[in-house]
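Worksheet: one structure, shown below.
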C-alpha cells in the first residue's frame, strides 16, 4: 500500500519530539499499522532547524505552513505551531483542502474549537487532539471510546504540570509561592511568563475540551470559572495537611441538576485519595462514569516525548481510518455533531462545594460567636474547626473552618459580612474543598 | 440504519450488568454511535432468570448458546458464560458463522487465545476483550491504541481485587492471611473456593493477555511464573512498611535483553509510588513506554457495572467497524497477526530483581558473618539490613535484608546454602522487590 504522507507544521519541542519518536519507533509502529507513515513535508520559519532535524531524510522543507496545508500529496497535517492566529488559519486551510488534522493546540481548540470542528465535519475530515490534554495520558481516547458505555458524571484533574510542581514544592519544602516559582523558572518547569500556568488558564483550556467530550456540549471557554494558585500561602498548605487534606489546582467539570459545572481553582483534597499524591510535574485525571465509577489516569502531562506519544497515537488512528466513512469514525467530540446538547454552564455562584476558610482575628471574647452567627444566618454548617496562634505572643489568631457543602453565593455573602466584623485583621482566605469520593 | 443485533450468552453478574447498563444508558450510547444496539437474543440455562432480566423487552430467550452463535440475524455475540469448555466451543462456532465476539473470559483467552484469535483472523471477524483485564479500566484500549506510538518496555499491575483487598486488610488491621480471607469470603469479595485469586492464577491470566498486547507475542499462559499471597505473614507486611515499602500482588511483564519476563508474585513496592497506595478491591496498572514514560490506570477491576462498562465499550467499537475492512480495524493483539514475534519468555531463574529476605536465627555471635559470606559468594550485595527481636526475651531474632538486583538463580542458591546454616530456625522468607521507577 502507498505510504501515508504527513505534513508537520512546527519543529519546536513537540514537533521535534514527534519527528524523533516516529523515526525511532518506526518498526514498532508499522508492525501495528501495516503501513508506512512518513513525514514528507515540514514547515518552520527556521528552515535550518528543520534541516538539522531531518538530516538526510527525504523531507521537503518550507517556511510556508500553507504550502503544506494545501499540498495535494499530503494526507494528514500535524499542527504544532501553537498560538491562535496562524495556527487557526492554517488548520482551516488544511481542512478546506480535505486534509485530516492533528493538533496539540489546546488554547486554539478551547477558543475556536466550534468553528474548527464544524468545518471538519462539513468537509468530512478528522480533527484529532489527544496531545492537547494531559500530554501522554490517552485521556481523550478514554473519554471518547474507553468509557463510551457511561453517562459521564464528573471529571477532576491535575492538568497543569507547572502549577502542580509549584504546589508540590511548597508542600514538601515549606516554601512560599514566589520562591518556588523562581526555582521552577530556573529548572525550566515554568516559563519566563508563567501566567497561563499559574493563573489556571492552561488548565481551563484543557477542562473546557474535556467537558465537551464528556457531556456532548460545544466548547465554551468563555464560561469557565478560573482561579490560579498565585495567592496560596504556605500556611494554608500546612493547615490543610494537619486536617488531612492536600491542596491541588484542579480542573473540574460536573453534571448537576442545573447544567454543567466548569471551573479551575485550587482545592483541598483528602490525602488518602490517589490524586492528592500526584507530585511534581505529573498530571492525573479522575473520570467518574455511572457504570464504571471513578477511574484515574496518570502520567507525564508535557514534554517532547510524552506529547509526541499522543500526537503519534492520533496519527496511527487517523491513518487507519483515512478512507473510512464518517459512521465508522468516532465522532470528533465523542457525540454525533448533530446531537450535541446545549446544556448550560452553571455560574460559579450556583456551584455547591465545601470550603476551607481561614479567618485572621484579634484574640478577643465573642469573635467566634459573631462569626458562627453569620455563618448560621447564611445556612452554612461547620464540619471542623481549629484555632491556631499566628505567632507566639501575638494577639492575632487564625481560625480555620471546614464547611459542609454550601452554595458559592451563600459563602460569598457570609465572607463579605464576616470581613466587616471589627475583630477581622486581614482578608479572609477561602479555598474550596473537594472530597472526590465515588 | 438497521439496528445492530446482539446475542448475549450468560446472564450472571456481568451478563445481567451488561443488559442493565446498556438499557439504562441507551440514549447516551446512541448519541455516541448514531445507531441502535439491541440485545436481541439471550442464552442462559436458567431461562427464567433471563426472562426476569428482560421483562417485556423484545428478546428471544433460549437455553442453547449455539442457537445464538449461529443465528443469521445476530451481528455480535457477547460470551459471558465463563469457563473453558462450552465457552470455547460456542465462541469458535460464533466466529465460524461470521459473528464478531466480545468476551470477558480471561482464562479462556490466556489458555486458548491463540486458537481463537487465529480462527477470528481467518474468518475476518473481531474478538474484543476489554472486560477480560482490570474490569472497567480501559487498559486493553490503552495498550492497543492509546500508546501505539511507543515501544512498550514493561507493565506492572494490581490486577486481582480479591488479593489486593486481603493484603490491604492485613496491612491496615494487622491481621493474618487466614483471618482476612474468612472476612473477605463473608463480604463476598472472595469466593468459596478462592484458589484462582489468592494463588495468583487469575492475575496470571490477565498479565498473559497484556504481555501479548504489549510485545506482539502469542499468549503463553503455560510459561507464566505464578506465586500467590497465601504464605505472606503479617510480620513481613509490617517490616516492609518500616523500610518504606508496601507488599502487593503484582502481575509483571517486561522486555529484557534475553526475552520477555512474565510473572505474578507478591512484591515490595516503595510506599511513595501511587500504585503502592491502591487499596481494597481496586485495580491499577502501570504501563511504561519508551516515549510516554510511566503511565498509570486505576479503577474498579470487577463488579457488574464496571465490567459491563468494558463490555459495552467493546460493543460500541465493534458496532462502529462492523463493515470495515480488516486494515481499518485495530489488530486484535495490537500488532498485525502475520508480524507477531516469537521472542521467548525468560525463565524465572533468569529474572533479575531486588529481594527482601527474612532470616529467623538464634541470636549467636558469628551468624551474620556466615550469612553475609554466603551472600557475597553468590554476588549478592545488601542494600539495607535490620535486626528485630522476634518476641521479647526470646533467643530467636529476625534478620531482614534488602538486596540489590540479583539473578533469581543466585538468590535461590544462596538461600539454599543459608538455610543449611546451623543457626537457622525456620524457613527463610523471600519476597521480591520492585522499585517501579521510570
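Read-outs: derived from the displayed coordinates by stated rules, not from any lab. Note that the structure is a prediction, hence the values are computed from the model and not measured. Neighbour counts are summed over all protein chains in view; Cβ atoms, including those assigned to glycine, are modelled from backbone coordinates with ideal geometry.
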Next on the checklist: Can you give me the Rg/Rh ratio for the stretch B:337-438, using Cα atoms for both radii and the Kirkwood formula for Rh?
Outcome noted: 1.12
Checklist entry - Given C-alpha coordinates of the stretch A:199-262, what is the ratio Rg to Rh with the Kirkwood estimate of Rh? => result 1.07
Checklist outcome for this item: Ordered by fewest other Cβ atoms within 10 Å, a rough proxy for footprinting exposure, A:273, A:123 read A:123, A:273
Checklist entry - So if R0 is 35 Å, what FRET efficiency would residue B:342 and residue B:271 give, r being the distance between their Cβ atoms, rounded to the nearest 0.05? => result 0.35
Checklist entry - Top mean-square fluctuation among A:384, A:184, A:354, Gaussian network model of chain A, C-alpha springs under 10 Å? => result A:384
Next on the checklist: Treating the stretch B:46-186 as a set of equal point scatterers at the Cα positions, no solvent, please give the Debye-formula log₁₀ I(q)/I(0) at q = 0.13, 0.18, 0.20 Å⁻¹.
Outcome noted: -0.78, -1.09, -1.18
Checklist entry - What does the average come to when, for each residue of peptide B:146-158, you count the partner chain Cβ atoms lying within 10 Å of its Cβ? => result 6
Checklist entry - Using a simple spin-label model with points 7 Å from Cα along the Cα→Cβ vector, what separation in nm is obtained for residue A:52 and residue A:435? => result 5.5
Checklist outcome for this item: the protein assembly as shown: antiparallel bridges as % of DSSP beta bridges, rounded to 5, reads 70
Checklist entry - How big is D for the protein assembly as shown, in µm² s⁻¹ as a whole number, if Stokes-Einstein is applied with the Kirkwood radius of its Cα pairs at 25 °C and 0.890 mPa s? => result 84
Checklist outcome for this item: Distance in Å, no decimals, from the C-alpha centre of the stretch A:420-438 to the one of the stretch A:50-91 is 49
Checklist entry - Sorted from fewest to most neighbouring beta carbons within 10 Å, what does the list B:141, A:388 look like? => result A:388, B:141
Next on the checklist: Among DSSP bridges having both ends in chain A, what percentage is antiparallel? Round to the nearest 5.
Outcome noted: 70
Next on the checklist: Rounded to the nearest angstrom and ordered from largest down, what semi-axes does the equivalent ellipsoid of the stretch A:1-70 get from its C-alpha gyration tensor (root of 5λ)?
Outcome noted: 21, 14, 9
Checklist entry - For the stretch B:252-309 and the stretch B:141-217, what is the separation of their C-alpha centers, rounded to whole Å? => result 9
Checklist entry - How far apart are the residue B:347 label points across copies, placing each 7 Å from Cα toward Cβ, in nm, shortest first? => result 7.4
Checklist outcome for this item: Exposure-ranked with fewest Cβ neighbours within 10 Å first, A:178, B:148 stand as A:178, B:148
Checklist outcome for this item: With label points set 7 Å from each Cα along the Cα-to-Cβ direction at residue B:328 and residue A:89, the distance between them in nm comes to 3.6
Checklist outcome for this item: Taking a crude spin-label model, label points 7 Å out from Cα along the C-beta direction, the residue B:13 to residue A:392 distance in nm is 5.8
Item to check | Relative frequency of Cα-Cα separations exceeding 27 Å in the stretch B:139-300, percent | outcome: 23
Checklist entry - Contour minus end-to-end for residue A:179 and residue A:419, with contour as 0.36 nm per residue of separation and end-to-end as the Cα-Cα distance? => result 83.5 nm
Item to check | Cα point-scatterer Debye curve for chain B, base-10 log of I(q)/I(0) at q = 0.06, 0.08 Å⁻¹ | outcome: -0.29, -0.50
Checklist entry - Put the label 7 Å from Cα along Cα→Cβ for residue B:271; what are its distances to the other copies, in nanometres, shortest first? => result 1.1
Checklist entry - Could you give, in nm with one decimal, how far residue A:362 is from each other copy of that position, shortest first, with labels 7 Å out from Cα toward Cβ? => result 7.7
Checklist outcome for this item: Residue-normalised 222 nm signal for chain B, counting each DSSP H run of n ≥ 4 as -39,500 (n - 2.57), nearest 500 deg cm²/dmol, is -10500 deg cm²/dmol
